[in-house]
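The values are calculated or read from the model by the stated rules, or taken from the named source; none is laboratory data. Remember, predicted model here, so these are calculated numbers, not experimental data. For neighbour counting, all protein chains shown are included, and Cβ atoms are generated from backbone atoms with ideal geometry for every residue, glycine included. What goes into the accessible areas is simple: the full protein's heavy atoms, side chains included, and nothing from ligands, DNA or RNA. Shrake-Rupley method; radii C 1.70, N 1.55, O 1.52, S 1.80 Å.
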Amino acid sequence: SMIRNTTLLDGIILIGVASLQLTADREGNPTSVIEFNSSWYDANYLPIVAAAQKKNIRIQAMVGEVPTVIMDLPLPWSTRHNLSFFSQDPRSPTFSVQKLVASSAQLCKKYGWEGINVDDEAFVSPRRAALDSELWMWYMNLWAD
C-alpha cells in the first residue's frame with residue numbers, strides 16, 4: 001500500500017492542484033474563476049488520492065496566490081506600498097465569485113476534497129498595504145461564504 005501508517009496522517013493537502021484567475025463575464029463585469037487541469041491531476045495525484053481514501057484520510061486541495069497583483073506598475077518599488085495592488089475591487093457590487101464558488105464546489109464533490117486551502121505568498125502576504133489586506137480578506141470571505 002502507498003500509505004502504510006495512518007496514525008500519523010489525518011489529512012493530505014494536494015499542492016499545485018489549481019489556480020485562481022481574475023477575468024470578466026460576458027457583460028464585462030469582473031469575476032474570478034478556478035482553473036483546473038484534470039489530465040495533470042489524474043496523472044499526478046489520482047494514485048495518492050485513491051490510497052488515502054481507502055484509509056479514510058481527508059483530502060484538501062491547495063491553490064497559490066490570489067491573482068490580483070499588478071506586476072508591471074511603472075513605479076519604483078519603494079513607493080508601491082502606498083498603492084492597492086488589486087486590479088479589481090471585490091467590494092464592488094459588480095464583482096462576482098459565483099463561477100468560482102460553483103466550480104470550487106463541483107471540483108470538491110467530484111474529487112472528494114474536503115476543502116481548498118490558499119497558500120498566498122505574494123508581496124508579504126496577504127498584502128503589505130492595509131487596503132490590500134482588506135481587499136484580500138474581502139475576496140476570501142466572498143469565496144468562503
Report summary line: Descending accessible area (1.4 Å probe), largest on the left, turns 25, 132 into 25, 132
Query raised in the report: Contour minus end-to-end for residue 114 and residue 94, with contour as 0.36 nm per residue of separation and end-to-end as the Cα-Cα distance?
Result: 4.3 nm
Query raised in the report: Long-range amide H contacts for residue 14: which residues qualify at under 5 Å (H placed 1.01 Å from N, peptide plane, sequence gap of 5 or more or a different chain)?
Result: 60, 61, 62
Query raised in the report: What nm value, rounded to one decimal, do you get for the distance between residue 60 and residue 24 when each label is placed 7 Å out toward the C-beta?
Result: 3.5 nm
